[in-house]
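Enquirer: Sharing a structure, written as structure tokens. Questions coming.
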Amino acid sequence: MQSTMQALAMSASRKNVSRNFKEAFARVLLNETGVTLSAGAVSQESMDRELQMALRLAGYSGDTAAGAADAGPPDESNKVGTWSDDAEELMKLVQQLGPRNPNLSSEQYLKPFFRHLCLPSLAIRELDDDVARFARLKFLDVSQNNLTCIDNVPPNLKYLKAYNNPISQISCKPTPSLCFLGLGYSKIGSDGLEQAARRFKNLLSLDLCFSEVANFQEVVTPLAPLPKLRHLCLAGSPVGVLPFYRVQVLRWLPQLHVLDGVAAADEEQADVQMLVASSAPLRQRPQTLRFGLQLQKLVGLRRLLEPVAEAILAERSKRAPAEEAAPPAEEEEQDDIVKACASGSLRLKLELPDGTWTETSEYRFRNLEELAAIKAAAGEDGPPPLDEIFLAGVGTPVKEPLYFDLDVGEEGSEVHGEVLQEDGLLRLARWLRKGLVVKFFFREAPPKAPEGEAAAAPPASGGAEGEEGENAAPAPELPEEVDLGGTVLALNAYLWRSGTDVAEEARAAGQLPESPAPWRLEVTDAQVVLTKDFLQPGVQVPPMDSKAAKKANKDDISLLSVVIELHAGDAPPLQEEPPPPVADPKAKAKAKK
């Protein structure tokens, strides 16, 4: 059974309403307690007399109704406290005085009454000046609203949670009491961070996870003057992708004890002291960052090829003449997927951070004879042909490794001769959160030339590529590529790292190199789904856990294995696929018998 707060949140979402803090609080109070706020003054003396009278009527000595203690478990549907830790105390007053009591419903009494409030998902667009009337409020949660600016906060607030709001500015009065500020998943950048540091000078903990902070200077300059700051979280923010992020932040903010939820280890403290001793300046942001993808293998390819194979064979049966020659023996022995897809090709397409797509070289499937040899060598217990393929030889269309220099310069900077229209590092961080979209495309083998028709002649020696002889037949038109499906490789691990990136060689040299050792991520269980099941826009396809992978039928899943590197170094050479096994003629003849 949904709570009143959930119902309010759903109602606000459906109606697309927008409220200020005063309106949201009044609505929650009415729905949770039945009390309607009034502007009247409060008489504490009158209220005390009414409470004494209520106690006498209910049994001054604390008597309870007979059998009340054995009335069964409490009704969880009416449970209070989800919106405020003070709700239970307030409901006792409502039960004693009634929701229409003029003293109890007075703003003058109610707003200073609260010390704890949670008002998430209520479409609050503004923290108006009415917030200042909550003089005793210590904890306020206004997450998942529509706030773009923190205009006002209660004067004695200690904990403010405003996660999942498009907040970019902080313009409230200085609030020295505030010790925790949570602005994760916001649009806070350098300006907003500087404004927060000026207004909340006694912060102990600051959470800016998944924000838009993209430079070391944006972190160090405003936060260095906060002597009490002990906990800082920037995980998921673009700045966390920069080389030697942790040791740089700990070096220039020595007051920190915990960064991104991980305490500074002794090893990191030693690296910090190395930077202090070398008098190394704060690192400038690089213009490019190297990203590498090494394809390994694809298991369960037949599941992706099955619907395509059915369509290909159906189309071939329509085109086939009434009296068709008997198929080759190798084809008779193969299943429909092999018959349809032999000698075809597979190509991958990858979405890069700037939204452009790059494609790989083709992976050419074996012909029928080679696939028959593979099937014979594997035996009855081995995987069927075209189910597991080796992709380590697949690179760019010009057979180069899939390594890219990504533009991560600031907005307006010139990288590779082009002026960036948006911050490249911020764009990269969004891409890492979304994941790398990989799509698979299949192309059927081109049709064979009709018997007796001249085949296309090769170009003459020394001639230009594509030059044709006089009697050459035109090259057959290539079939169109068919979208098989795809996956999204999770890259968010790069946005939340722990530990130092300083290698022993750097420690021996007493200074940091230009780039850290490659951040290597091995993915062995990325589930590839069919095109009809691939959500658009590309949605994260979760990797299968080990238990589910063991239980799943191999015919039901397709898994891609890759190695991913950020801050990649030199690309390793592409690997050649081992040649197919040669079928033993004796074993083949024996199998026919």
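Enquirer: Do any residues in the stretch 371-388 that are in contact (Cβ under 8 Å) with a residue 24 or more places away in the chain have Cβ atoms under 8 Å from those of residues that are open to solvent by 20 Å² or more (accessible area, probe 1.4 Å) and among the acidic types (D, E), where the two are at least six apart or on different chains, and which pairs are they?
Expert: L371/E330; A372/E330; A372/E333; K375/E333; A376/D584; P384/D335
Enquirer: Further, regarding this structure: Just give me the residues in the stretch 498-519 being open to solvent by 70 Å² or more (accessible area, probe 1.4 Å) and within 18 Å of the chain's Cα centre (by Cα), in sequence order.
Expert: Result: S498, single match.
Enquirer: For the stretch 374-409, which residues satisfy the criterion of being among the hydrophobic types (A, V, I, L, M, F, W, C) and in a loop (DSSP other than H, G, I, E, B)?
Expert: Residues satisfying the conditions are L386, L391, A392, V394, V398, V408.
Enquirer: Within the stretch 111-147, count every residue that is in a strand (DSSP E or B), open to solvent by 40 Å² or more (accessible area, probe 1.4 Å) and touching a helix residue (DSSP H, G or I) at 6+ places or on another chain (Cβ under 7 Å).
Expert: 1
Enquirer: Hey, another quick one. Sort out for me the strands (runs of 3 or more DSSP E) sitting completely within the stretch 189-306 that have 1 or more residues that are under 30 Å from Q527 (Cβ atoms) and either open to solvent by less than 10 Å² (accessible area, probe 1.4 Å) or in contact (Cβ under 8 Å) with a residue 60 or more places away in the chain (or both).
Expert: Details: elements: 205-207, 231-233, 288-299.
Output list reads 288-299.
Enquirer: Any residue in the stretch 34-46 that's closer than 15 Å to F113 by Cβ: show its pairings with residues that are of a type in the set (D, E) and open to solvent by less than 50 Å² (accessible area, probe 1.4 Å) at Cβ separation under 8 Å, as long as the two are six or more apart or on different chains.
Expert: Qualifying pairs under 8 Å: L37/E107; S38/E107.
Enquirer: Same structure, new question: Within the stretch 161-188, restricting attention to residues that are among the small types (G, A, S) and in a loop (DSSP other than H, G, I, E, B), which residue is nearest to G261 (Cα to Cα)?
Expert: Keep residues of the stretch 161-188 that are among the small types (G, A, S), which gives 162, 168, 171, 177, 182, 184, 186.
Filter once more, so that each one left must be in a loop (DSSP other than H, G, I, E, B): 162, 168, 171, 177, 184, 186.
Details: A162: 18, S168: 23, S171: 28, S177: 23, G184: 13, S186: 18 Å.
Here the answer is G184.
Enquirer: Looking at the stretch 335-388 only, could you name the residues that are of a type in the set (S, T, Y) and either at pLDDT 95 or above or open to solvent by less than 50 Å² (accessible area, probe 1.4 Å) (or both)?
Expert: S343, S345, T358, T360, S361, Y363 - these are the residues of the stretch 335-388 that are of a type in the set (S, T, Y) and either at pLDDT 95 or above or open to solvent by less than 50 Å² (accessible area, probe 1.4 Å) (or both).
Enquirer: Now for a different question. Restricting to the stretch 148-170, count the residues that are surrounded by 23 or more Cβ atoms within 10 Å (Cβ to Cβ), touching an Asp or Glu at 6+ places or on another chain (Cβ under 9 Å) and over 13 Å from L117 (Cβ atoms).
Expert: 1
Enquirer: Further question on the same structure: Which residue is most open to solvent (accessible area, probe 1.4 Å), if the candidates are limited to the stretch 420-449 and must be over 21 Å from E480 (Cβ atoms) and part of a loop (DSSP other than H, G, I, E, B)?
Expert: So the residue we want is Q421.
Enquirer: Could you identify the single residue in G424, G395 that is modelled with pLDDT of 90 or more and either in contact with a Gly (Cβ under 6 Å, 6 or more places away or on another chain) or over 27 Å from P572 (Cα atoms) (or both)?
Expert: G424
Enquirer: So, one more: Considering only residues that are at positive phi and either of a type in the set (K, R) or in a loop (DSSP other than H, G, I, E, B) (or both), which ones fall in the stretch 474-519?
Expert: G499, G510
Enquirer: Another question, if that's okay. Within the stretch 149-156, is even one residue assigned to a helix (DSSP H, G or I) and either of a type in the set (K, R) or free of Cβ contacts under 8 Å to residues at least 60 places away in the same chain (or both)?
Expert: No, every residue in the stretch 149-156 fails to be assigned to a helix (DSSP H, G or I) and either of a type in the set (K, R) or free of Cβ contacts under 8 Å to residues at least 60 places away in the same chain (or both).
The values are calculated or read from the model by the stated rules, or taken from the named source; none is laboratory data. Keep in mind that what you see is a predicted model, and the values were worked out from it rather than measured. Here the Cβ is made from the backbone with ideal geometry for all residues, glycine too, and neighbour counts use every protein chain on show. Just so you know, the surface numbers come from the protein's heavy atoms only, side chains and all, with ligands and any DNA or RNA stripped out. Shrake-Rupley method; radii C 1.70, N 1.55, O 1.52, S 1.80 Å.
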